[in-house]
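A quick write-up on the structure given underneath.
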Amino acid sequence: MNKKLKIHNKSDKPYNIVLKENNLIERCIEIEKELPNFMKDFFVYLKNAVVNSTRLAYMEDILFFCKYLVSETDLTKAQIPKDITVDEFDNIKARDVNLFLGDYCSRYYKKTENNILVFENNNRALARKKSSLSSLFKFLYRNEQINQNITDGFNPIKLPKPQPDAIKRLEVDEVARMLDAVETGQGLTEKEKIYWKKTKLRDKAILVLFVTYGLRLSELRELNISSFNFSRGEFKIFRKRGKEVLMPLNKTCELVIKDYINIERSNSESIADEHKDALFLSIQNKRMTLRAIRELVKKYTSIAMQTSRENGYSPHKLRATSATSLIQYGFSIYDVQNLLDHDNVTTTQLYAAHKKNVKREIVKNFEWLEDEIK
């Protein structure tokens with residue numbers, strides 16, 4: 001008999017955030033069971049060194065590497081990753097890891113019942129796998145489990161430098177067209193209009209929050225009704241690395257959220273307990289999935305840009321839209337960095353490069369001899 005998981009939450013975090021963290025931890029535990037016992041100390045180290053999402057990513061990469069050792073090399077006699085020994089790991093050379101990253105990972109195949117699937121990793125994905133393996137090998141060496149630190153011999157992986165012109169975002173007039181589409185239904189198919197009539201206030205609130213605050217997709221999905229304190233004019237979001245942040249609530253956002261809650265959102269009696277506090281609900285009265293929000297954004301941005309649904313933008317492009325719009329309205333890159341939670345101001349500077357005619361505007365508004373030129 002399957003038992004339903006119940007979490008005794010003693011923190012001030014909402015249940016959905018605690019449940020999300022628990023799901024990450026449970027997945028880490030499952031992967032740990034598949035990996036060799038000699039890595040146990042490394043798993044303990046990860047628990048305290050990185051956030052759970054990073055911990056999971058590292059463990060998935062390491063499991064992938066161990067499966068590669070078993071199925072594609074003669075570096076181990078093990079039939080499953082669990083049986084790989086520390087002595088076999090100690091015999092792995094930098095060249096072996098470089099072949100894994102540079103040759104195997106860049107393009108590999110998986111057989112299913114009916115198909116052969118081809119997978120490719122770009123340099124960013126390869127760099128993450130390299131980082132995961134570097135952390136593991138460095139730890140095992142530092143922990144005196146292997147005799148050499150082979151990570152200095154790992155080949156560099158060049159990442160393309162982000163270019164301002166490559167940043168995709170909506171122009172100001174396209175944002176207006178997007179919000180007009182969600183208001184009027186113009187540009188939607190007849191089938192889409194059936195759902196639009198039931199969800200237009202919800203969709204409008206989602207889009208306004210995205211373009212106002214540049215929220216990440218997960219940050220928006222996890223919003224609750226209890227996240228908002230309308231009397232104080234603020235709401236709480238949970239960012240990467242477990243950060244809790246209070247955001248000021250402007251009049252536009254307050255209006256669209258209240259309209260959605262008071263007019264369109266289902267009453268609590270018809271909602272299951274686990275979804276009662278969720279701000280954005282699906283038609284089935286469940287917290288919206290990440291995929292549903294992505295599709296919603298893609299639909300309305302495609303209308304704004306007058307392109308096909310397939311070419312619509314992701315929520316991250318609305319984050320870029322928010323950043324460039326704020327900078328064009330005159331806010332400093334440091335203010336925008338703070339609002340969007342960029343780790344490094346150089347990320348924000350990429351959006352600042354979109355500010356049109358910035359040099360001309362600066363010089364035009366900085367005349368020393370105004371009286372003479374008049």
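For this structure, a couple of remarks:
- Test for A304: is it in contact with a Lys or Arg (Cβ under 7 Å, 6 or more places away or on another chain), in the same structural domain as R221 (by TED's automatic domain parsing) and not in a loop (DSSP other than H, G, I, E, B): yes
- From the list L201, L215, L209, the lone residue that is part of a loop (DSSP other than H, G, I, E, B) and buried (at least 19 other Cβ atoms within 10 Å of the Cβ) is L215.
- In region 262-292, the residues that are crowded, with 17+ Cβ neighbours inside 10 Å, in contact (Cβ under 8 Å) with a residue 40 or more places away in the chain and of a type in the set (A, V, I, L, M): A278, L279, L281, M288
- Restricting attention to region 229-269, the residues that are in a strand (DSSP E or B) and either under 18 Å from M288 (Cα atoms) or charged (D, E, K, R) (or both) total 5.
- The helices (runs of 4 or more DSSP H) falling completely within region 31-116 that include 1 or more residues that are more than 22 Å from Y141 (Cβ to Cβ) map to 52-72.
Yes/no matrix, rows are residues, columns are (1) of a type outside the set (F, W, Y); (2) closer than 21 Å to S218 by Cβ:
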position: I263; (1), (2): yes, no
position: V297; (1), (2): yes, yes
position: K317; (1), (2): yes, yes
position: Y334; (1), (2): no, no
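Matching residues to (1) of a type outside the set (F, W, Y); (2) more than 21 Å from E264 (Cβ to Cβ); (3) at pLDDT 95 or above:
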{"site": "V118", "(1), (2), (3)": "yes, yes, no"}
{"site": "L126", "(1), (2), (3)": "yes, yes, no"}
{"site": "L136", "(1), (2), (3)": "yes, yes, yes"}
{"site": "F139", "(1), (2), (3)": "no, yes, yes"}
{"site": "N143", "(1), (2), (3)": "yes, yes, yes"}
{"site": "I150", "(1), (2), (3)": "yes, yes, yes"}
{"site": "K158", "(1), (2), (3)": "yes, yes, no"}
{"site": "V182", "(1), (2), (3)": "yes, no, yes"}
{"site": "R216", "(1), (2), (3)": "yes, yes, no"}
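- Whichever residue in region 27-48 is loosely packed, with under 11 Cβ neighbours inside 10 Å and either more than 14 Å from I62 (Cα to Cα) or not assigned by TED's automatic domain parsing to the domain that holds S135 (or both) and, among such residues, is farthest from the chain's Cα centre (by Cα): V44
- Candidates L99, L69, L75, L170 - the one that is assigned by TED's automatic domain parsing to the domain that holds A323 and at pLDDT 85 or above: L170
The values are calculated or read from the model by the stated rules, or taken from the named source; none is laboratory data. Bear in mind that the values here come from a model prediction, so they are computed numbers and not experimental data. Quick reminder, even Gly has a Cβ in these numbers, built from the backbone with ideal geometry, and neighbours come from all protein chains shown.
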